[in-house]
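What follows draws every value from the coordinates through simple rules; no lab data is involved. In this text, all values refer to a predicted model and were calculated from it rather than measured experimentally. Note that each Cβ is placed from the backbone with ideal geometry, even for glycine, and that neighbours are counted across all protein chains shown.
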Amino acid sequence: MKATVSNPRRFCNQKGQKSFLHEPSNFDSLSAKRKKSMGTSSKALAQKLKNVAASQHGCFTAAQAIEVGYADSVHLYHVKTGSWVRLFWGVYRFSDLPETPAARCMAALLWSRDKTGKVLGILSAETASLLQADCLTSSMPVQICVPKGFRRTSATPKGIVVFIMDTKALKTSKIKKMPAQPFKPKKKETPEKAGTAAAGRMESGMDIADYYDLLDYQAVKQTD
């Protein structure tokens, strides 16, 4: 006489549990595979975000991180563990990438984005020319031009200066893949050049004060 099973699902569960208890090695192997898979997935996720940040001088937004797969609940974790550096509200940089002048400019532009993620600001002509000449130091603010109607609920962050103007009528140029006002490149004076100019003034026997005295003398003479 065959035994009947009153609850097949319960019987299967019990059988599965028995098999599970007798095969710990299979469980350990499966657990190791899952951990390995999770690690690979995490690295792949970071690489995806780095690919996005690569075209933005190491910077990215919270929305871009979410788009590649990072849940918004883990952003603070990555900041606390030191993987990300929070620059402005919703703007980050990978900590293993340097804070270059170009990265500062890009972060300021990303801060100017609207609700859809569109960047509204452009670099001012002055900031663009300083960046082009490698003269934009960390103590100098990044100047951006934004269109009329630009609004932020919070104050402008330290290190950013905002100019509101009709940017639609402006012709824009590009500087290191960033939008900017048209600008004239500044010539960076090398120490050798500065030394040569100073030596020339010394050889002529005329310093700056003497030069302006000469201009005043010439102006008075012309009025006589």
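How large are Rg and Dmax for segment 100-186 when only the alpha carbon atoms are used, in Å?
12.1, 36
Please report 70, 92 as a ranked list, fewest other C-beta atoms within 10 angstrom at the top and most at the bottom.
The order, fewest Cβ neighbours first, is 70, 92.
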